[in-house]
Amino acid sequence: MSFLNRNPSWAPALALALSLASGAAVADVVPVVSAKSPVYALSKNEVIDIFLGKLNRFPDGEPAVPIDQAEGTEIRDDFYMEYANRSPAQIKAYWSKIVFTGEGQPPREVSPSERVKKVLADHPNFIGYIERSEVDSKVKIVVLTK
Amino acid sequence: MKREMLGLACATLVLSNAAYAQSEQSGGPIFSFDGFGTLGLAHSSEDKADFLANDLQGTGAGRGHSWSPDVDSRLGVQFSAQFTQQFSAVLQVVSEQRYDKSYRPQVEWGNVKYAFTPDLSVRVGRIVTPSFLESDTRKVGYAQPWVRPPVEVYGLVPLTNSDGVDLNYRLRLGAASHNLQVAYGSSSAEVPENGGTVSAKDAWLIADTMEYGAMTLHAAYSQSKFSLDQFAPLFNGYRQFAANPAVQAYAPQAAAQADALADRYDPDDTPITFFSIGASYDPGDWFVMAEWGQTDTRSVFGKRQAWYATGGYRLGKFTPYITYAEADLKSPQSDPGVTALPGGAPFAVLNADAASLNAALNEQLAGAPIQKTISVGVRWDFARNVAFKLQYDYSRLGKNSPGTLDHQLPGFVPGGSYSVVSAIFDFVF
């Protein structure tokens, strides 16, 4: 049946639509630290607690400093949706609460991913996030534990 | 809009850039500048009284304006400074409608904080009073699901800050984190319609906020000495009545009654207690929240209770929500007043005096808010840092009660029902 082998022009669009419909993340965002960092693994909750300012130390007791991508970037929205199940507006509302109680400030913003990698490389206690495909020798992916 | 609000807005824009430049530097003190605001319109179906977001507002929707911008609109700016790891300061200035209908900016918070350890800190200055779950962001509409916190419950404590000192202690017990607060201070505010001042002196407060995953629990207890000038003429009237030589000579029982009524009901350094508990659960896609509170004072204010429950579901940029709220009075809504006067022509004038004093007292007792409200609304996060909210409230008033409505005109009929429609923009910057 030769027509089954044909690749119709609408196939990629359909695949994308299906993946969106099923809620699967299009981008593969991973938390990263400096290649020199002793941090190896964190739980998903620990990662998000660090980014939401609820946790300021890595499990080994070293200070943990989160680095956000710029507000409005797709990677940032994907990161919070995947790790915190929160929309950009919910994250903004969350920080409004913290900021207007004088309890803290949101993480410093660094973008794009190339700059994130540079900043992380120089600061072993920083943690950021980039796309999996952008990982290079300067940084390492934080293994997610259950 | 109002000139004062614009002034604050201009100062804001200039400072915004300066503060940002400074915060980019690393090392040394860190300064930050943030702002929030709400622009809104509210319409009430009851035009013989004002619907207010709180009792301290000079005008509202209904009697004041058919569509009132003054119920919810406000602008706030906040400067924070982290001088060292231990030492920080915060200044929050808010422009919103006040008792005299002006928008003169007020210092909402202005305090310095010293952290002995990352978990134990002390603050001195003007500090938020953590009466409720949402007290910290009571004025930051963007951080809340509704157009405004339910007036039944949040109206129990219209004073939002206190001048004094507080101690904060963070405690991790397993996966739960507690924030314990002990505060001492005093606060006061001007009351609309020449009502003088309302104040809470020698105010002690203890509160705990527990977070456990998506769950937050809050409990607070406070006691203070409560004064409200507004009623001084009424109770001075009773005292003068009691001091009247004719009353003392011919109706000593009535004199004793009048004195006792003044002592019983005048809020003049009268002890008041406040207690609240609340819970919220917000796993991300939906949320539920409920709070209960009570103020109790042996005065014309009586014992008031209120609670609400609210829930919402997030559908992309839209968050529809529904709220049910009740306010109730747990002390008598009326008092017989001075009754021990003899009848007959010689006492006609005194009886008339007593009757008018009794009527005024009962009007105040009946003025306590008793109402049940159902609200439906939707929040639309249509742009970055801005949310649009539309809300409809339907309230039924308790028997003889004006509910939370205020500034009643002659002809206002208590005990009925009213509805409010509100449309607002909340923003942060």
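Restricting attention to region A:41-54, which residues are of a type outside the set (V, I, T) and either surrounded by 14 or more Cβ atoms within 10 Å (Cβ to Cβ) or closer than 11 Å to A:Y83 by Cα (or both)? Spell out the reasoning first.
Start the filter on region A:41-54 by keeping residues that are of a type outside the set (V, I, T), which leaves A:41-46, A:49, A:51-54.
Residues satisfying the conditions are A:L42, A:S43, A:K44, A:N45, A:E46, A:D49, A:F51, A:L52, A:G53, A:K54.
Kindly check whether there is at least one residue in region A:46-68 that is free of Cβ contacts under 8 Å to residues at least 12 places away in the same chain, within 12 Å of another protein chain (Cβ to nearest Cβ) and closer than 18 Å to B:P283 by Cα. Yes, region A:46-68 contains a residue that is free of Cβ contacts under 8 Å to residues at least 12 places away in the same chain, within 12 Å of another protein chain (Cβ to nearest Cβ) and closer than 18 Å to B:P283 by Cα.
For B:D335, are the conditions met, namely being in a loop (DSSP other than H, G, I, E, B), in contact (Cβ under 8 Å) with a residue 24 or more places away in the chain and within 28 Å of the chain's Cα centre (by Cα)? Answer is yes for this residue.
Within region B:116-131, does at least one residue satisfy the condition of being without any contact (Cβ under 8 Å) to a residue 24 or more places away in the chain and more than 11 Å from chain A (Cβ to nearest Cβ)? Yes, the conditions are met somewhere in region B:116-131.
The residues on offer are B:T216, B:T209, and the sole one that is in contact with a strand residue (DSSP E or B) (Cβ under 9 Å, 6 or more places away or on another chain) and over 23 Å from B:D163 (Cβ atoms) is B:T216. Residues in region A:107-122 that are out of contact with any Pro (no Cβ under 9 Å at 6 or more places or on another chain), surrounded by 16 or more Cβ atoms within 10 Å (Cβ to Cβ) and either within 10 Å of chain B (Cβ to nearest Cβ) or in a loop (DSSP other than H, G, I, E, B) (or both): A:V110, A:S111.
Being in a strand (DSSP E or B) and of a type in the set (V, I, T) narrows it down to one of B:V153, B:V157, B:V198, so name that one.
On the way: B:V153 fails: in a strand (DSSP E or B); B:V157 fails: in a strand (DSSP E or B).
Testing whether each residue is in a strand (DSSP E or B) and of a type in the set (V, I, T) leaves just B:V198.
Determine if region B:309-316 includes at least one residue that is out of contact with any Ser or Thr (no Cβ under 7 Å at 6 or more places or on another chain), of a type outside the set (S, T, Y), within 14 Å of chain A (Cβ to nearest Cβ) and surrounded by fewer than 19 Cβ atoms within 10 Å (Cβ to Cβ). Yes; the residues of region B:309-316 include at least one that is out of contact with any Ser or Thr (no Cβ under 7 Å at 6 or more places or on another chain), of a type outside the set (S, T, Y), within 14 Å of chain A (Cβ to nearest Cβ) and surrounded by fewer than 19 Cβ atoms within 10 Å (Cβ to Cβ).
Any chance region B:219-234 includes a residue that's within 14 Å of chain A (Cβ to nearest Cβ) and crowded, with 19+ Cβ neighbours inside 10 Å? Spell out the reasoning first.
Step one: list which residues in region B:219-234 are within 14 Å of chain A (Cβ to nearest Cβ), which gives none.
No; the residues of region B:219-234 include none that is within 14 Å of chain A (Cβ to nearest Cβ) and crowded, with 19+ Cβ neighbours inside 10 Å.
Quick test for you: out of B:G64, B:G60, B:G28, pick the one residue that is at pLDDT 95 or above and out of contact with any Cys (no Cβ under 9 Å at 6 or more places or on another chain).
Values: B:G64 fails: at pLDDT 95 or above; B:G28 fails: at pLDDT 95 or above.
When all the criteria are applied, what remains is B:G60.
Of the residues B:A220, B:A242, B:A306, the single one that is touching a helix residue (DSSP H, G or I) at 6+ places or on another chain (Cβ under 9 Å), modelled with pLDDT under 95 and either small (G, A, S) or not in a helix (DSSP H, G or I) (or both) is B:A242.
Applying a threshold of 6 Å to beta carbon distances and a minimum spacing of six or more residues, or different chains, the list of pairs starting in region B:88-107 at a residue that is over 18 Å from B:A42 (Cα atoms) and more than 14 Å from chain A (Cβ to nearest Cβ) and ending at one that is buried (at least 23 other Cβ atoms within 10 Å of the Cβ) and of a type in the set (G, A, S) reads B:P105/B:S95.
Out of the residues in region A:55-72 that are in a loop (DSSP other than H, G, I, E, B) and touching a Pro at 6+ places or on another chain (Cβ under 7 Å), state the one that is surrounded by the most Cβ atoms within 10 Å (Cβ to Cβ). Let's see the steps before the verdict.
If we filter region A:55-72 for residues that are in a loop (DSSP other than H, G, I, E, B), which is where we start, we get A:55-56, A:58-62, A:64, A:69-72.
Add one more test, that the residue is touching a Pro at 6+ places or on another chain (Cβ under 7 Å), and what stays is A:56, A:60.
Numbers: A:N56: 13, A:D60: 10.
Going through the qualifying residues, I end up with A:N56.
Quick grid of which residues meet (1) away from every other protein chain (no Cβ under 14 Å); (2) without any contact (Cβ under 8 Å) to a residue 12 or more places away in the chain; (3) surrounded by 21 or more Cβ atoms within 10 Å (Cβ to Cβ):
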{"residue": "B:P252", "(1), (2), (3)": "yes, yes, no"}
{"residue": "B:T273", "(1), (2), (3)": "yes, no, no"}
{"residue": "B:A279", "(1), (2), (3)": "yes, no, no"}
{"residue": "B:D285", "(1), (2), (3)": "no, no, no"}
{"residue": "B:M289", "(1), (2), (3)": "no, no, yes"}
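Taking the conditions (1) buried (at least 23 other Cβ atoms within 10 Å of the Cβ); (2) within 12 Å of chain A (Cβ to nearest Cβ); (3) aliphatic (A, V, I, L, M) in turn, B:A175 satisfies each one other than (1). Residues of region B:370-407 that are part of a loop (DSSP other than H, G, I, E, B) and touching a strand residue (DSSP E or B) at 6+ places or on another chain (Cβ under 8 Å): B:I370, B:N385, B:G398, B:S401, B:G403, B:T404, B:L405, B:H407.
Given the structure, is B:A354 buried (at least 20 other Cβ atoms within 10 Å of the Cβ) and not polar (S, T, N, Q)?
Details: buried (at least 20 other Cβ atoms within 10 Å of the Cβ): yes; not polar (S, T, N, Q): yes.
Yes: the conditions hold for B:A354.
Can you confirm whether region A:73-82 contains a residue that is out of contact with any Cys (no Cβ under 6 Å at 6 or more places or on another chain) and in a loop (DSSP other than H, G, I, E, B)?
First, the residues of region A:73-82 that are out of contact with any Cys (no Cβ under 6 Å at 6 or more places or on another chain): A:73-82.
If we keep only those that are in a loop (DSSP other than H, G, I, E, B) too, we end up with A:73.
Yes, the conditions are met somewhere in region A:73-82.
Note on region B:385-409: residues that are at pLDDT below 95 and within 14 Å of chain A (Cβ to nearest Cβ) total 1. When the test is whether a residue is touching a residue at least 12 places away in the same chain (Cβ under 8 Å) and under 12 Å from the mean Cα position of the chain (by Cα), A:Y94 does not pass it. Against the test of being over 30 Å from A:N56 (Cβ atoms) and of a type outside the set (S, T, N, Q), the options B:E134, B:E152, B:E211 yield a single qualifying residue, B:E152. Taking the listed residues B:F382, B:F347, B:F429, B:F412, the one that is away from chain A (no Cβ under 14 Å) and over 22 Å from B:G60 (Cβ atoms) is B:F347, with no other qualifying. Answer yes or no: is there a residue in region B:317-332 that is over 21 Å from B:G403 (Cβ atoms), surrounded by fewer than 19 Cβ atoms within 10 Å (Cβ to Cβ) and within 14 Å of chain A (Cβ to nearest Cβ). Yes, region B:317-332 has at least one match.
Of the set (1) crowded, with 16+ Cβ neighbours inside 10 Å; (2) out of contact with any helix residue (DSSP H, G or I) (no Cβ under 8 Å at 6 or more places or on another chain); (3) among the aliphatic types (A, V, I, L, M), all apply to B:V198 but (2). Selection of region A:33-54 for residues being assigned to a helix (DSSP H, G or I) and within 19 Å of A:V99 (Cα to Cα) yields A:I48, A:D49, A:I50, A:F51.
Residues in region B:190-220 that are of a type in the set (S, T, Y), without any contact (Cβ under 8 Å) to a residue 40 or more places away in the chain and closer than 30 Å to A:L52 by Cβ: B:Y212 only.
The values are calculated or read from the model by the stated rules, or taken from the named source; none is laboratory data. For clarity, every value in this text was computed on a predicted model and none was experimentally measured. Using ideal geometry, Cβ is built from the backbone for each residue, glycine included, and neighbour counts are taken over all protein chains shown.
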